[in-house]
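Q: Can you read through this structure? Questions will come right after.
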């Protein structure tokens, strides 16, 4: 995968949701009522079975053969997102197309996983979070190094763990090396490529959807981005932490997304440029428990609309 590829972010509405969440957590309702059962997933750091599956996935990528990579992914409902300069894909035929495009830009690739990783299991559903390093050589002969992390929600189907949701983060670190090629003549002068847009996420307090004062500066920056380019259209995703029932969090996530949309509209952004969607607690940005993780997952997140 060429880490210098320009970001091409797309978003896709989830067509089907898992029948049950990975964690069965208390339903924290606005009235203060709490459900009777608390059953967190079991933490299994460095789980041997999941570790072997990750090793095999890395080996499949090293073949650079799309047909050997795609069997690791659920054929229906698979989603993928990046917090990186790499292209964005949402599974199915699009995932295959993006993989073929990226792998077509490199002539060699090596995946090195971190020796340890976090994992949780709950029956036929599991989470893993592991750091990795990619090294290789592009088709143009330039060596590259990419360091990041991969977070995966797995489903076991017919005895085989398949990737159901995948989230990447990290950044490119290009190796400093001279390539023995004759330099081409300089291209004609061209206008500089604008830097990719980086919208600021908006964070919320527990069980709240009102905008915090300390988030207004981030919202003001988002308004500037949207006012600078009237052609931009975005989807505002509402996210929640792991606590509470799935149905309640779906509603809370929608209220958070709508609160951000309301602010943008009030500050001059046309409503028809803004869509909202709630993922509740189903697509966490960080795994685990504790206030630091929960705060990171209580947010409104921007992606460019198709």
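Q: Please go through (1) crowded, with 18+ Cβ neighbours inside 10 Å; (2) closer than 30 Å to residue 266 by Cβ; (3) at pLDDT below 90; (4) over 21 Å from the mean Cα position of the chain (by Cα) for residue 144 and return the number of the only condition it doesn't satisfy.
A: Of the numbered conditions (1) crowded, with 18+ Cβ neighbours inside 10 Å; (2) closer than 30 Å to residue 266 by Cβ; (3) at pLDDT below 90; (4) over 21 Å from the mean Cα position of the chain (by Cα), the odd one out for residue 144 is (2).
Q: Shifting gears a bit: Just the residues that are modelled with pLDDT of 85 or more and surrounded by fewer than 16 Cβ atoms within 10 Å (Cβ to Cβ), please, taken from segment 63-96.
A: Residues satisfying the conditions are 63, 65, 67, 68, 71.
Q: Which of (1) in contact (Cβ under 8 Å) with a residue 24 or more places away in the chain; (2) assigned to a loop (DSSP other than H, G, I, E, B) does residue 208 not meet, given it meets every other one?
A: (1)
Q: Further, regarding this structure: Scan segment 245-262 and give yes if some residue there is in contact with a helix residue (DSSP H, G or I) (Cβ under 6 Å, 6 or more places away or on another chain) and either assigned to a strand (DSSP E or B) or farther than 30 Å from residue 129 by Cβ (or both), otherwise no.
A: No, the conditions are met nowhere in segment 245-262.
The values are calculated or read from the model by the stated rules, or taken from the named source; none is laboratory data. Computed from a predicted model, the values in this text were never measured in an experiment. Quick reminder, even Gly has a Cβ in these numbers, built from the backbone with ideal geometry, and neighbours come from all protein chains shown.
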